[in-house]
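Everything on this sheet refers to the single structure shown next.
The values are calculated or read from the model by the stated rules, or taken from the named source; none is laboratory data. Please read all numbers here as calculations on a predicted model, not as lab measurements. Positions of Cβ are backbone-derived with ideal geometry, glycine not excepted, and every protein chain shown enters the neighbour counts. For accessibility, only protein heavy atoms count, side chains too; no ligands or nucleic acids. Shrake-Rupley method; radii C 1.70, N 1.55, O 1.52, S 1.80 Å.
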Amino acid sequence: MEAEPKIRVLMVSDFFFPNFGGVENHIYYLSQCLLKLGHKVVVMTHAYGNRTGVRYMTGGLKVYYVPWRPFVMQTTFPTVYATLPIVRTILKRERITVVHGHQAFSTLCHEALMHARTMGYRVVFTDHSLYGFADVGSIHMNKVLQFSLADIDQAICVSHTSKENTVLRSGLPQAKVYMIPNAVDTAMFKPASVRPSADHVITIVVISRLVYRKGADLLVEVIPQVCRLHPNVRFVVGGDGPKHVRLEEMREKHSLQDRVEMLGAVPHSRVRSVLVTGHIFLNSSLTEAFCIAILEAASCGLLTVSTRVGGVPEVLPDDMVVLAEPDPDDMVRAIQKAISILPSINPEEMHNRMKKLYSWQDVAKRTEIVYDRALKCSNRSLLERLSRFLSCGAWAGKVFCMVMIIDYLLWRLLQLLQPDDDIEEAPDINFINDKK
């Protein structure tokens, strides 16, 4: 007889495959490792194009692509209550015990966490980004986060800097927030069998979304200076975004068509093949909680040059990265320093160190501990929960309480219209054991 899964987890986020990015990779690899540890994992995300309904991925990972379309930046339109029926159905069908939401931008994540707590489920939240405190957008997002996290059981951040940022923004007790870093699939990202020679041409690789937050404007100023100082340096830029036009204009203005190669959007399956053509990886982000791209580059044996922002200084040992302030002149100096120490870099040795430093299996085991602690938390009554929301502000607290009371009443109404026993439970299919 097949063993019952230890913990039944629902991962929720607007960001998942076929879209590519750090959050998407984190959810996928973490889910795969949790499946191997004997847990049941289901993912809930919004529809991507014509991809709706239930799909199965590698290892039997079940994904619900609910029929909600992205509104802005791949996030769904905030409906507050419209997702309650489908969230309730998935929780009951899959017999979920822990709901794990990812990313503060994700509308779907916040709504699912709210509904799950209303129904008495244990909830965990992972924050993948850093936010400020001064601009209007950050103030608004911080208030939403304060509401969403007022009643969660545990939280996870991907770096110590991210943890401090989340605690300050949300008002969560530090004891509830854990630091579990991202990782890299070192079996996929490994150095080339023959390292490209750096005697004649040094290739600097950039793979990033070409947006302001990722420092695309810095690249526009840095690349011409480096090309002028080092005639043997060429750049390979992978990625797409609104700043793509600025980079093309820079290339035309300085006549660098033969030294700056623009690849456009690079599928994740091709990232490794692009990385191994280079010697140095350049990250110009202006804010970053944890940069998985740096791990992938280091695993492929590239020396990294990066801006000293957010959690980036925590990612790699000092001899594997050259840090610079997010200033064009300082970044040029950092690239010159990286070029000078390039002969001492051993890609195979760097790859082997990365295998010891970062592992998705380790991330999964640490996340498993957080789930166990969440399950041990006591279940609070509606009145106890409302008292937490009241502490969120003189006016905001009362608004949050009204939102939660309405959510509770709608849940009770759904129970009358469709009792829990009428929701058919989905059978468990364990692909990993079946293969054995």
Is it the case, given these coordinates, that VAL167 is part of a helix (DSSP H, G or I) and within 26 Å of ARG88 (Cβ to Cβ)?
no
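Determine whether the range 191-199 contains at least one residue that is part of a loop (DSSP other than H, G, I, E, B), of a type in the set (Lys, Arg) and either closer than 22 Å to GLU24 by Cα or without any contact (Cβ under 8 Å) to a residue 12 or more places away in the chain (or both). Reasoning before the result, please.
Step one: filter the range 191-199 for residues part of a loop (DSSP other than H, G, I, E, B), giving 191-199.
If we keep only those that are of a type in the set (Lys, Arg) as well, we get 195.
Next, from what is left, pick out any that are either closer than 22 Å to GLU24 by Cα or without any contact (Cβ under 8 Å) to a residue 12 or more places away in the chain (or both): none.
No - not one qualifying residue is present in the range 191-199.
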How many residues are part of a helix (DSSP H, G or I), open to solvent by 10 Å² or more (accessible area, probe 1.4 Å) and of a type in the set (S, T, N, Q) when one looks only at the range 355-372?
1
Criterion: farther than 23 Å from THR107 by Cβ, assigned to a loop (DSSP other than H, G, I, E, B), open to solvent by 20 Å² or more (accessible area, probe 1.4 Å) and of a type in the set (S, T, N, Q) - qualifying residue of THR186, THR161
THR186
Considering only residues that are out of contact with any strand residue (DSSP E or B) (no Cβ under 8 Å at 6 or more places or on another chain) and within 29 Å of LYS214 (Cβ to Cβ), look in the range 326-343 and name the one that is surrounded by the fewest Cβ atoms within 10 Å (Cβ to Cβ).
SER340
Taking the range 294-313 only, how many residues are open to solvent by 10 Å² or more (accessible area, probe 1.4 Å) and under 16 Å from VAL211 (Cβ atoms)?
2
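If you check MET262, MET250, which single one turns out to be of a type in the set (A, V, I, L, M, F, W, C) and open to solvent by 30 Å² or more (accessible area, probe 1.4 Å)? It would help to see each step written out before you state the result.
On the way: MET250 fails: open to solvent by 30 Å² or more (accessible area, probe 1.4 Å).
None of the other options fit; the residue is MET262.
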Of the conditions (1) out of contact with any helix residue (DSSP H, G or I) (no Cβ under 7 Å at 6 or more places or on another chain); (2) touching a residue at least 60 places away in the same chain (Cβ under 8 Å); (3) surrounded by 15 or more Cβ atoms within 10 Å (Cβ to Cβ); (4) not small (Gly, Ala, Ser), ARG95 satisfies every one except a single condition; which number is it?
(3)
Give all pairs with beta carbons closer than 8 Å in which a residue from the range 114-132 that is within 24 Å of ASP407 (Cα to Cα) meets a residue that is open to solvent by 10 Å² or more (accessible area, probe 1.4 Å) and of a type in the set (Phe, Trp, Tyr); count only pairs at least 6 apart in sequence or on separate chains.
HIS115/TRP411; THR118/TYR408; THR118/TRP411; MET119/TRP411
Residues in the range 285-293: is at least one open to solvent by 10 Å² or more (accessible area, probe 1.4 Å) and out of contact with any Gly (no Cβ under 9 Å at 6 or more places or on another chain)?
no
VAL177: more than 16 Å from the chain's Cα centre (by Cα) and under 30 Å from ILE406 (Cα atoms), yes or no?
yes
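Being outside any loop (DSSP other than H, G, I, E, B) and hydrophobic (A, V, I, L, M, F, W, C) is the filter; apply it to the range 118-137 and report the residue that is most open to solvent (accessible area, probe 1.4 Å).
As a first pass, look at the range 118-137 and keep what is outside any loop (DSSP other than H, G, I, E, B): 118, 122-127, 136-137.
Add one more test, that the residue is hydrophobic (A, V, I, L, M, F, W, C), and what stays is 123-125, 136.
Details: VAL123: 0, VAL124: 0, PHE125: 1, VAL136: 122 Å².
By that ranking, first place goes to VAL136.
Of the residues that sit in the range 138-158 and are without any contact (Cβ under 8 Å) to a residue 60 or more places away in the chain and within 30 Å of LYS92 (Cβ to Cβ), which one is surrounded by the fewest Cβ atoms within 10 Å (Cβ to Cβ)? I'd like the intermediate steps shown before the answer.
As a first pass, look at the range 138-158 and keep what is without any contact (Cβ under 8 Å) to a residue 60 or more places away in the chain: 138-142, 144-145, 148-149, 152, 155.
Checking which are within 30 Å of LYS92 (Cβ to Cβ) leaves us with 144-145, 148-149, 152, 155.
Values: VAL144: 15, LEU145: 20, SER148: 22, LEU149: 26, ILE152: 22, ALA155: 23.
My answer is VAL144.
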Quick count over the range 373-412, residues being in contact (Cβ under 8 Å) with a residue 60 or more places away in the chain and either of a type in the set (Val, Ile, Thr) or part of a helix (DSSP H, G or I) (or both), is 15
With (1) open to solvent by 10 Å² or more (accessible area, probe 1.4 Å); (2) at pLDDT 95 or above; (3) touching a Gly at 6+ places or on another chain (Cβ under 6 Å) as the list, and CYS109 as the residue in question, which single condition is left unmet?
(1)
